[in-house]
Amino acid sequence: MRIAALLAIWPENRAVQRLARELDAQRRFVFEIEARPGTSDGGGSNASGDTRETEARLYSPPIAENSRLFAMFGNAVSHPPEGAVQRDRVGAALEYRQPQFRATAFATQSFGTLSEPGFGATLDWQPVDTWRLGLSAERFSASTPLRALRYGITSDELAARVTWRRDESLSFAVTAAYQPFSDGNRRTAGGFEARALIIDLPHFDVTARGDLYTSANSRSDGPYFAPRSDLTATAGMMIEHVAWRRYENSFVHALTIDAGSYSQQ
């Protein structure tokens, strides 16, 4: 209603026109896609070889302002020493969104090397400007190692994330996850992330980053990578430069430099 009033008063204003176009886009179908190819050598029996993951979502226009339906599509392929493993995943979900609250519930079906249904839910809540809480639960988790599927092993997952963000220049986050596998393995994981904007100039930013991650598995004799315990510690920076911008369209290139250590049992 406010945007419609602005258009009636200043129909020739470019900023008002852009705002109206953004609102129009939010009221239409939205399609998102992400592709992650990769390759690795060595690792003996844990080698994953060439991998390819693709995930896509198609959102409906808003329903009663605060809800959307969306369809999920996913394909993941890995080439361990035993041969190719493939997971095709489709699903349907309902999303409910408020300015400081978002929740989703979804059901999935996986095909390929192992056919299995799944379901899950997510919750994202920002009670105040500086704090954000995220929770998720999934039956037959998408993070189940592909190699485990070849042996008929699945896993579920419960995860939580708490973020404190003073402003766009400083934030900290703590994560935790519990992943029980159908072969009896119980994986627990936790992490800490820190981000600090140390250079903030027009068209040029430098962000310092620090990360800690640790996990533990109750069993490490399975056919997939599951060390008894491990620890990752990294620090670095991300340099971003806006090479071109015209109104809401921009082209940004970034360089990420990290160094750290990884240890495992």
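In the chain, taking the dipole from charged Cβ atoms about the Cα centre, the farthest positive-side position among Gly120, Gln264, Ala93 is held by Ala93.
Across the chain, the relative contact order, built from alpha-carbon pairs under 8 Å that are at least six residues apart, equals 8 percent. Once the 1.4 Å probe is applied to the protein heavy atoms, the chain comes out at 61 Å² accessible per residue.
Could you state the angle between the C-alpha long axis of helix 14-26 and the longest principal axis of the C-alpha atoms of the chain, as a value from 0 to 90 degrees rounded to the nearest 10? Around 40 degrees separate the two axes. With each label modelled as a point 7 angstrom along the Cα→C-beta vector, the Ile33-His203 pair spans 3.2 nm.
Here Thr130 and Ala84 are evaluated by their C-beta separation; at R0 = 51 Å the FRET efficiency comes out at 0.65. Let me test this: with uniform point scatterers at the alpha carbons of the chain, what is the Debye-based log₁₀ I(q)/I(0) at q = 0.14, 0.17 1/Å? So the normalised log intensities are -1.33, -1.60. A simple rule links phi to the HN-Hα coupling: the Karplus curve 6.51 cos²θ - 1.76 cosθ + 1.60 with θ = phi - 60°, which for the range 2-10 gives 5, 5, 4, 5, 4, 4, 5, 7, 10 Hz, with x for Gly and Pro. Within the range 33-102, the percentage of alpha carbon pairs spaced more than 13 angstrom apart rounds to 72%. Would you mind telling me the share, in percent, of accessible area of the range 202-251 contributed by carbon and sulfur at probe 1.4 angstrom? Carbon-and-sulfur percentage of accessible area, whole number: 59.
Each stretch of four or more DSSP H residues adds -39500 (n - 2.57); spread over every residue of the chain, this sum gives -2500 deg cm²/dmol at 222 nm. Each of Phe119 and Glu55 was given a label point 7 Å from its Cα along the Cα-to-Cβ line. The distance between the two points is 2.1 nm. Only protein atoms count toward the accessible area here, which uses a 1.4 Å probe; on the range 1-131, the carbon and sulfur part of that area reaches 59 percent. When you have a sec, figure out the Kirkwood radius of the range 177-265 from all distinct Cα pair distances and drop it here in Å to one decimal? This gives a value of 15.9 Å. As a test question: what accessible area, to the nearest 10 Å², does Ser169 have when a 1.4 Å probe is rolled over all protein chains in place? It works out to around 30 Å². Among Phe106, Phe31, Phe172, the largest mean-square fluctuation in a Gaussian network model of the chain (Cα springs under 10 Å) belongs to Phe31.
The values are calculated or read from the model by the stated rules, or taken from the named source; none is laboratory data. Please read all numbers here as calculations on a predicted model, not as lab measurements. All Cβ positions, glycine included, derive from the backbone under ideal geometry; neighbour counts span all protein chains shown. Keep in mind that these areas ignore ligands, DNA and RNA; they rest on the heavy atoms of the full protein, side chains included. Shrake-Rupley method; radii C 1.70, N 1.55, O 1.52, S 1.80 Å.
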